[in-house]
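Visitor: Questions regarding the structure given below will be posed in turn.
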Amino acid sequence: MTESNGDHAHAQQTGFAGVMRRTLERLALPGDDRELVVAEVTYPPGGVAPLHRHPVGGIIYIVEGTAESAYGSEAPRRYRAGETLQDRADLPHTLFRNCDPDRPLRFLTIYALEPGRSYTMES
């Protein structure tokens, strides 16, 4: 079952300042309590997420812009449009930011999670 797609998806403000999230697909996984979610997330120019965690791993595909990300004590890495990175459930997400002070960062996040459970939790 699809929650929303394309023109019917509605952007929502997240708990992070200026960050918008739009659920593109929400599909029940047969034989599983979880659902597969595809969400488009947009960070404002220079936007930075506070320290947070993810309850499950997920995949991020950078659509537009450059992101910088780090988990735990790892050194930050940059990801550009067309590249992917993996959200990790085992470590705090210590850094995630839009590297461009003038343009938004846009990416897709794909993950499987129980309905009603949040994918991002502030630490």
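Visitor: Give me I110, I62 sorted ascending by neighbouring Cβ count inside 10 Å, so fewest comes first.
Guide: Details: I110 16, I62 19.
Lowest count first: I110, I62.
Visitor: Next question. Sort T84, T94, T109 by Cβ crowding within 10 Å, fewest neighbours at the top. Walk me through the numbers on the way to the answer.
Guide: Values: T84 12, T94 16, T109 20.
Ranking T84, T94, T109 by Cβ neighbours within 10 Å, fewest first, gives T84, T94, T109.
Visitor: For the range 21-27, take each phi angle, set θ = phi - 60°, evaluate the Karplus expression 6.51 cos²θ - 1.76 cosθ + 1.60, and give the result in whole Hz per residue in order, putting x for glycine and proline.
Guide: 10, 10, 6, 8, 9, 9, 10
Visitor: What does the charge add up to near Y79, with Lys and Arg as +1, Asp and Glu as -1, over the other residues with Cβ less than 13 Å from its Cβ?
Guide: Working: positive: R77, R78, R80, R97, R106; negative: E64, E68, E83, D87, D100.
Neighbourhood net charge equals 0.
Visitor: Please report the relative contact order for the range 6-122, taking Cα pairs under 8 Å with a sequence separation of at least 6, and give it as a percent rounded to a whole number. All intermediate terms of the calculation are to be shown ahead of the outcome.
Guide: Working: 300 pairs, mean separation 37.0, N = 117.
It comes to 32 percent, rounded to a whole number.
Visitor: So what are the ³J(HN,Hα) numbers for the range 74-79, from phi and the Karplus equation (6.51, -1.76, 1.60; θ = phi - 60°), rounded to whole Hz, Gly and Pro as x?
Guide: Along the range 74-79, the couplings run 5, 6, x, 10, 9, 10 Hz.
Visitor: Lys and Arg at +1, Asp and Glu at -1: add these up for the other residues within a Cβ distance under 15 Å of R53 and post the number.
Guide: Values: positive: R88, R117; negative: E74, D87, D90, E122.
For residues surrounding R53, the net value is -2.
Visitor: Using the Karplus equation 6.51 cos²θ - 1.76 cosθ + 1.60 (θ = phi - 60°), what ³J(HN,Hα) coupling, rounded to whole Hz, does each residue of the range 38-51 give in order, writing x for Gly and Pro?
Guide: 10, 10, 9, 10, 10, 9, x, x, x, x, 10, 7, x, 3
Visitor: Could you give the size of the charge dipole of the chain about its Cα centre, using +1 on the Cβ of each K and R and -1 on the Cβ of each D and E, expressed in debye and rounded to the nearest 20?
Guide: On the way: 13 positive and 17 negative charges, 58 e Å.
With Lys and Arg at +1 and Asp and Glu at -1, about 280 debye.
Any read-out appearing in this document is the output of simple, stated calculations on the displayed coordinates, not a laboratory observation. Just so it is clear, the model here is predicted, and its values are computed rather than measured. All Cβ positions, glycine included, derive from the backbone under ideal geometry; neighbour counts span all protein chains shown.
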